[in-house]
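The structure appears right after this line, and notes come after that.
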Amino acid sequence: MTSKNVTNEPENWPSGRTGYVALLGRPNVGKSTMMNTLLDFHLAAVSQKPQTTRRNCLGILTDEISQILFRDAPGVHVAQDELDQAMDRCIQRALEDADLIVCIADSSRKFGKEDRLVARRAAQAEAPVILAVNKVDAAGPGGVDAIQSAYLDVLGDVPVFRVCARSAQSLEMLLGAIRYGLPEGPFLHDPEALTDAYEREVAGELIREALMEALHEEVPHAMAVTVDQWKESDKACRITATLHVERESQKGIVIGRGGSMLNAIRAASVRKLREIRDDNVRLKLYVRVTPDWRSRKHILRDFGLDGSA
């Protein structure tokens, strides 16, 4: 389901409208939520905190006439450290590979500096652009019109769809426009696949999602997750993961008094992991101080966050 292993040979895959679709927007705009809704599967980590997405995540939506390859890229923002620069490389790679760009705007917020960065990058890319004005259910009076107008001032005359990323019905017309905006060609992945990521990579993102939900202030952004062991048997899937923080004080916050916070994070992670596995999940979590990992290139590479994938 979420494995790189395929069940069919490529020569047996069908053809149809096929291509890569870059989901582009500022942090917290709803890119991951939109992809999860379209896939009807919890693939990408989602939280209310910005910069939840740190690397490109591929979601594959296949039907009888099309295979849409969504790339959920990190949110566009001004880079401040090595991690930010790596995330920016992910964004650029997604744009370069795209056959179509869905530029997502947040109608519940005013057009700002990051929005202008997003619109300019979309306008400068070679692929055609669709504007999706998101969170129309949360917009204030005039908010939808205002953000749409501001984006179109930069993008020019492009198709516009007003959506709520959490609602599959709201996304139907946008999905139709995406499908028919793609070129004809052979499918690029097994029609049964949902992603090209290993299951353990998806698990790492779901654990980090649990972290983002449980912790506050700067701590979630100073954390990374590595899945160190993955053992499957007839009875259970046993997973060992390390939660990396940058300072000793952050380690104490993550563990909590008597281990209470770490236990809560583990329990929430197990609930999320059971969404992608039918068997019993046994999860062990360890907390490690990895000083200034966001600014150290070799550690980012070890964590798979150097922007090369």
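The values are calculated or read from the model by the stated rules, or taken from the named source; none is laboratory data. Only a predicted model underlies this, so the values are computations on that prediction, with no experimental measurement involved. Cβ atoms come from the backbone with ideal geometry, glycine included; neighbour counts cover every protein chain shown.
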Return only the number of the condition from (1) farther than 20 Å from Asp196 by Cα; (2) touching a Pro at 6+ places or on another chain (Cβ under 7 Å) that Val102 does not satisfy. (2)
Selection count, region 276-309, where residues are of a type in the set (Lys, Arg) and in contact with a strand residue (DSSP E or B) (Cβ under 9 Å, 6 or more places away or on another chain): 5
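Quick grid of which residues meet (1) of a type in the set (Gly, Ala, Ser); (2) modelled with pLDDT under 90; (3) assigned by TED's automatic domain parsing to the domain that holds Ile91; (4) under 25 Å from the mean Cα position of the chain (by Cα):
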| site | (1), (2), (3), (4) |
| --- | --- |
| Thr242 | no, no, no, yes |
| Ile255 | no, no, no, no |
| Gly258 | yes, no, no, no |
| Ala267 | yes, no, no, yes |
| Val270 | no, no, no, yes |
| Asn280 | no, yes, no, no |
| Arg294 | no, yes, no, yes |
| Ser308 | yes, yes, no, yes |
Just one of the numbered conditions (1) among the polar types (S, T, N, Q); (2) touching an Asp or Glu at 6+ places or on another chain (Cβ under 8 Å); (3) closer than 19 Å to Ala44 by Cβ is not true of Thr240; which one? (3)
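Do we find a residue being over 26 Å from Asn56 (Cβ atoms), out of contact with any Phe, Trp or Tyr (no Cβ under 9 Å at 6 or more places or on another chain) and outside the structural domain of Leu39 (by TED's automatic domain parsing) anywhere in region 199-214?
Within region 199-214 (the criterion being over 26 Å from Asn56 (Cβ atoms), out of contact with any Phe, Trp or Tyr (no Cβ under 9 Å at 6 or more places or on another chain) and outside the structural domain of Leu39 (by TED's automatic domain parsing)), the answer is no, since none of the residues qualifies.
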From the residues in region 7-35 that are buried (at least 18 other Cβ atoms within 10 Å of the Cβ) and over 26 Å from Val78 (Cα atoms), which one is modelled with the lowest pLDDT? Trp13
Pick from Leu69, Leu83, Leu117, Leu100: which is touching a residue at least 40 places away in the same chain (Cβ under 8 Å), of a type outside the set (Asp, Glu) and farther than 29 Å from His189 by Cβ? Leu117
When residues of region 61-86 are limited to those that are at pLDDT 85 or above and out of contact with any helix residue (DSSP H, G or I) (no Cβ under 8 Å at 6 or more places or on another chain), the one farthest from Gln124 (Cα to Cα): Glu64
Using beta carbons and a limit of 6 Å, which pairs, at least six apart or on different chains, have the first residue in region 219-230 and closer than 11 Å to Val287 by Cβ and the second one of a type in the set (Lys, Arg) and surrounded by 17 or more Cβ atoms within 10 Å (Cβ to Cβ)? Val225/Arg208
If we ask which residues in region 231-250 are touching a strand residue (DSSP E or B) at 6+ places or on another chain (Cβ under 8 Å), over 28 Å from Asn280 (Cα atoms) and surrounded by fewer than 20 Cβ atoms within 10 Å (Cβ to Cβ), their number turns out to be 2
